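Report on the structure given below.
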Amino acid sequence: MSDIVLQAKNVSKVFQVSQGLFKGKRDLHAVRNVSLDVEAGSIIGIVGESGCGKTTLARMLLGLEKPTEGEILVNGKNLSEMSQLDIASRVQPIFQDPYSSLNPRKTIGSIISLPLRVHGNGDARERRRRVEEVMERTGLPSRLYRNYPSQLSGGQRQRVAVARALIMRPSIVVCDEPTSALDVSIQAQILNLLQELQKEFGLTYIIISHNLAVIEHMAHAVSVMYLGRVVDESPARDLFADPKHPYSKALLNSVLTPEPDKDVPETNLGSTFPNPLDPPPGCPFHPRCDAATDQCRTIDPSMTAVGGGRVACHLFGEG
Ligand code: SF4
């Protein structure tokens with residue numbers, strides 16, 4: 001596990017957001033200066049509350065959004081210079097909601113084979129063979145080939161999404177909240193399927209989730225995002241055994257809430273998530289942090305090596 005297959009280098013994404021009639025537009029820094037090195041065959045978890053930038057980061061890793069600054073490299077090639085076919089054969093998505101990500105008017109066979117048809121891979125017979133092969137591997141009976149998404153259960157629909165992602169034989173799969181829309185009883189089945197496929201095909205996963213139980217179950221390393229930045233990157237074992245960053249500690253406490261998989265976890269931070277259009281000065285977490293000092297209110301901490309990972313917090317910096 002030493003080859004870097006995916007790299008984000010100082011990636012930022014700024015959106016222009018309308019303030020309303022006659023008020024002009026303002027910059028929303030959805031992702032700020034994020035760097036990631038992802039090793040082949042590893043599983044990286046990206047966690048944070050809604051609005052922290054994790055989905056925008058996922059969309060950039062998939063080539064669906066262009067970074068405003070920085071670059072994303074897949075096997076050393078700049079994503080923005082790659083063709084759609086080249087990207088699709090290396091990086092594929094699995095989205096949260098199998099209800100909305102599958103075309104209700106298309107059969108399961110047609111949905112799974114779509115990437116092959118779009119990119120002109122094989123003739124009809126070869127495509128059918130590959131679809132049936134991937135259906136079998138993802139636990140979908142071949143009799144569902146001519147069924148429609150509405151005739152499938154939620155778990156089966158997510159298996160279709162997994163099959164569609166794998167049909168191009170990518171090396172990297174970006175899973176954005178892959179089980180959040182599923183019943184708890186089905187979530188474990190899908191996570192176990194993803195784990196089996198990862199081992200069998202040597203896949204690399206980026207798993208985006210606000211559900212830390214999912215990340216703990218799956219990930220080797222975790223990046224914690226807050227207001228568009230990565231504030232903590234640690235080996236998963238270290239993060240869950242002994243979190244360093246105050247925000248990571250607060251997120252871990254949120255796992256104990258009754259419904260951790262529903263929407264934003266209750267972080268018990270005593271203050272709501274700040275407005276990304278008007279982020280606080282200094283450390284962006286300081287209005288919610290019990291350990292904040294005057295330094296935290298004025299100086300933005302940079303990443304510092306701590307244990308096996310890195311955190312952006314003055315508690316661990318030179319100051
Ligand atoms: Fe809290 Fe200060 Fe660390 Fe920010 S830098 S997390 S405010 S202690």
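Distance from the C-alpha centroid of the range 27-80 to that of the range 151-209: 19 Å, rounded to the whole angstrom.
Contact order, relative form, for the chain: 20 percent (alpha carbon pairs under 8 Å, 6 or more residues apart, mean separation divided by residue count). Loop-resident trypsin sites (Lys or Arg not before Pro) (DSSP state other than H, G, I, E or B) in the range 23-64 with no more than 12 further Cβ atoms inside 10 Å of their Cβ: Lys23.
Might you report the magnitude of the Cβ-based charge dipole of the range 117-232 about its Cα centre, with Lys and Arg at +1 and Asp and Glu at -1, to the nearest 20 debye?
640 debye
When the charge dipole of the range 4-311 is built from unit charges on Cβ atoms (+1 for Lys and Arg, -1 for Asp and Glu) and taken about the Cα centre, the candidate among Val131, Phe240, Pro67 whose Cα reaches farthest toward its positive end is Val131.
Charges were assigned to the Cβ only: +1 to each Lys and Arg, -1 to each Asp and Glu. The resulting dipole of the chain about its Cα centre is roughly 1340 debye. The count of lysine pairs in the range 4-311 with alpha-carbon distances below 18 Å, taking only pairs 8 or more places apart or on different chains, stands at 9.
Values in this text are rule-based calculations from the coordinates and carry no lab data. Just so it is clear, the structure is predicted and the values come from calculations on it, not from any experiment. With ideal geometry, Cβ positions are generated from the backbone for all residues, glycine too; neighbour counts draw on all protein chains shown.
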